[in-house]
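Taking it in order: structure first as structure tokens, then the write-up.
The values are calculated or read from the model by the stated rules, or taken from the named source; none is laboratory data. Quantities reported herein were computed from a predicted structural model and do not represent experimental measurements. Note: ideal-geometry Cβ built from the backbone for every residue, glycine included; neighbour counts use all protein chains shown. Heavy atoms of the whole protein, side chains included, go into the accessibility calculation; ligands, DNA and RNA do not. Shrake-Rupley method; radii C 1.70, N 1.55, O 1.52, S 1.80 Å.
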Amino acid sequence: MTSVHHPEQFIARARLLPVVVLQDAADAEPLAAALTEGGLRSVEVTFRTDAAAEAIRIMAENPDLLVGAGTVVTPAQVDAAVAAGARFVVSPGFSPRVVGYCQELGLPVYPGAATATEIQMALDAGLEIVKFFPAEQLGGAKMIKALAAPFRSVRFIPTGGVNTVNLPDYLALPSVFAVGGTWMVAPDLIAAGKWDEVTRLTALAVETTGRQ
């Protein structure tokens, strides 16, 4: 059973965090099974659709899966995520209100930080793990390496534009805590119910992280 207090352990173990956009909560249960069968134990479900909260609730019922909420931009969404069973929160940018509220609740939060100033804001808030989004558009692995130099304690979760080709570049960086990816949970795969393909792509990605 996953621990509510230490989600970092589960994310760091795989170094891979699938980022899911679900249009239909009915897909949540088979998707959770496909991910765990492929070897992953954590997932971020984004609040980009009306199905998000229900999808989190369903996936959180899987005892082998740590479920977090992504694209969280307001305290109200934090409440909805917690009520649904989310164990951690991810934001695309740094919101003092969202970060502060999550800390009040004792909920791990990984805000987006794309610049040195935003990273310092995260550090001032007592955080050392941040999301780097959109990773490829911001300069990819080279940019993370540059930012990591003055911020030696910070760990990054690059998300956005990551694929099987550039995944090893990110994993090679000691400052990368985990990589957020969508290719193994692509919307077309989910819409078509290709759960075996989700499991195959997930297993391949897990194998790649293990070779680093």
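Quick check: is even one residue across the stretch 98-109 among the aromatic types (Phe, Trp, Tyr) and under 23 Å from GLY181 (Cα atoms)?
Within the stretch 98-109, the subset among the aromatic types (Phe, Trp, Tyr) is 101.
Now restrict to residues that are under 23 Å from GLY181 (Cα atoms): none.
So far as the stretch 98-109 goes, no, none of its residues is among the aromatic types (Phe, Trp, Tyr) and under 23 Å from GLY181 (Cα atoms).
For THR36, indicate whether it is β-branched (Val, Ile, Thr) and either surrounded by fewer than 17 Cβ atoms within 10 Å (Cβ to Cβ) or more than 29 Å from LEU171 (Cβ to Cβ) (or both). When the stated conditions are applied, THR36 does not pass them.
Within the stretch 62-85, which residues are open to solvent by 10 Å² or more (accessible area, probe 1.4 Å) and in contact with a strand residue (DSSP E or B) (Cβ under 9 Å, 6 or more places away or on another chain)?
Within the stretch 62-85, the subset open to solvent by 10 Å² or more (accessible area, probe 1.4 Å) is 62-64, 71, 73-77, 79-80, 82-85.
Across the stretch 62-85, the qualifying residues are THR71, GLN77, ALA80, VAL82, ALA84, GLY85.
Scanning the stretch 112-145 for residues that are charged (D, E, K, R) and crowded, with 20+ Cβ neighbours inside 10 Å yields one hit, LYS131. Against the conditions (1) small (Gly, Ala, Ser); (2) in contact with a helix residue (DSSP H, G or I) (Cβ under 8 Å, 6 or more places away or on another chain); (3) surrounded by fewer than 24 Cβ atoms within 10 Å (Cβ to Cβ), ALA12 satisfies every one except (2).
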